[in-house]
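The values are calculated or read from the model by the stated rules, or taken from the named source; none is laboratory data. If you're wondering where the values come from, they're calculated on a predicted model, not measured in any experiment. When we count neighbours, we look across all protein chains shown, and the Cβ atoms used for this are built from the backbone with ideal geometry, even at glycine.
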Amino acid sequence: MDRIISGFRRILLAAPAMVAAGLVGTALAGPARAAVADCPNGGSVRFAVVPAEDTAQLTPIYGRLADLIGQRLGCKVVVQFGTNYTAVIEAMRANRADFAQFGAFSYVLAHQVAGAEAVANFAGPDGKPGVYYASITTWPGSGITSLADVKGKPFAFSDAASTSGHLIPSYGLRKAGIDPTKDVQSFYTGSHTASFEALRNHKVPVGELNSTAVAAAKLQGFYNPADYVTLWQSEPIPNGPLAVRGNLDPGFKKRLTDILQTLDLSSMPAHDMKYLGKAGVRGLAPVDDHNYDGIRDVVTVLHLDLSKMQD
């Protein structure tokens, strides 16, 4: 794991320059409106989003979500997509993001290094905090028929700070007696979509594939179950949270938290929710930091020292 930690630390150290260079760029803002008095940043609230699926598809979806939040908040909500997970963590640490959509693992990191506070995530059909799944996947004819066959093969992860794209598949490999840092030829594609495309086009024999990416591919007609072989699937993973920056003005932070925890998503197009892998979800559910203690348990199993990921 030292190789991963070392590489991750270099990314975090470089991230301030990345932010300054605009690599966590403004994607979309809601319509102009008279700002409520406590809106920060001259009336706009910065909403950072970790990269996940195709940004071109996500931009209008998160724009509509930002508009819903902005209508209740009385502030213009500006969406920023990170070029990678750690850029979003650093944007919050540098006070350049007021709240963010993290993955579960990137949230655990952001809580430690940037003071992020989990407040809500997309609810499941029962109204409780939702879950999704990670998998280790290959394709028929790859020559891989079991996890044991993965050893020594190129393996597509999405991002070093991704829960389902790195942390949980690494855990699955470790539990099978395969060292994810030594026993596979690991590389990072940059997003779940890119990992899916690498598998789909047989550019890599094995890699991560999560249920959200599968849902988006099904919606676009790109996914045929017969074309993939699941070697391992995780237990349910908590959806990544919406997290607020801990050092926001206390009054505004409470108001933003209350809105996020009670946000009604019923006006969001059904297509949007299906693309996010959250078909039928009609709202957000309250969470707190303890909802992600299970992710910390996985970090312990993998012997990751989060303190080494700080400067």
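Laid out as a table, the results:
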| read-out | value |
| --- | --- |
| Options 136, 61; residue that is at pLDDT 95 or above, among the β-branched types (Val, Ile, Thr) and under 19 Å from residue 210 (Cβ atoms) | 136 |
| Residue in segment 57-78 that is β-branched (Val, Ile, Thr) and under 16 Å from residue 247 (Cα atoms) present | no |
| Matching entry among 219, 256 (being crowded, with 17+ Cβ neighbours inside 10 Å and aliphatic (A, V, I, L, M)) | 256 |
| Residue 67 vs. criteria part of a loop (DSSP other than H, G, I, E, B) and acidic (Asp, Glu) | no |
| Residues of segment 193-217 that turn out to be in a helix (DSSP H, G or I), in contact (Cβ under 8 Å) with a residue 24 or more places away in the chain and among the charged types (D, E, K, R), as a count | 1 |
| Matching residues, segment 151-165, being farther than 18 Å from residue 201 by Cα and either surrounded by fewer than 24 Cβ atoms within 10 Å (Cβ to Cβ) or modelled with pLDDT of 95 or more (or both) | 151, 152, 160 |
| Options 91, 110, 87, 148; residue that is in a helix (DSSP H, G or I) and without any contact (Cβ under 8 Å) to a residue 60 or more places away in the chain | 148 |
| Failed item, numbered, when residue 224 is tested on (1) crowded, with 16+ Cβ neighbours inside 10 Å; (2) within 29 Å of residue 281 (Cα to Cα) | (1) |
| Matching residues, segment 234-245, being crowded, with 18+ Cβ neighbours inside 10 Å, in a loop (DSSP other than H, G, I, E, B) and more than 15 Å from the chain's Cα centre (by Cα) | 234 |
| Filter pass, residue 116 being assigned by TED's automatic domain parsing to the domain that holds residue 91, more than 19 Å from residue 55 (Cα to Cα) and touching a Phe, Trp or Tyr at 6+ places or on another chain (Cβ under 7 Å) | yes |
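Results for (1) without any contact (Cβ under 8 Å) to a residue 40 or more places away in the chain; (2) part of a helix (DSSP H, G or I); (3) touching a strand residue (DSSP E or B) at 6+ places or on another chain (Cβ under 8 Å), shown as yes or no for each residue.
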{"position": "232", "(1), (2), (3)": "no, no, yes"}
{"position": "252", "(1), (2), (3)": "no, yes, no"}
{"position": "257", "(1), (2), (3)": "no, yes, yes"}
{"position": "272", "(1), (2), (3)": "no, yes, no"}
{"position": "277", "(1), (2), (3)": "no, no, yes"}
{"position": "280", "(1), (2), (3)": "no, no, no"}
{"position": "293", "(1), (2), (3)": "yes, yes, no"}
{"position": "296", "(1), (2), (3)": "no, yes, no"}
{"position": "304", "(1), (2), (3)": "no, no, no"}
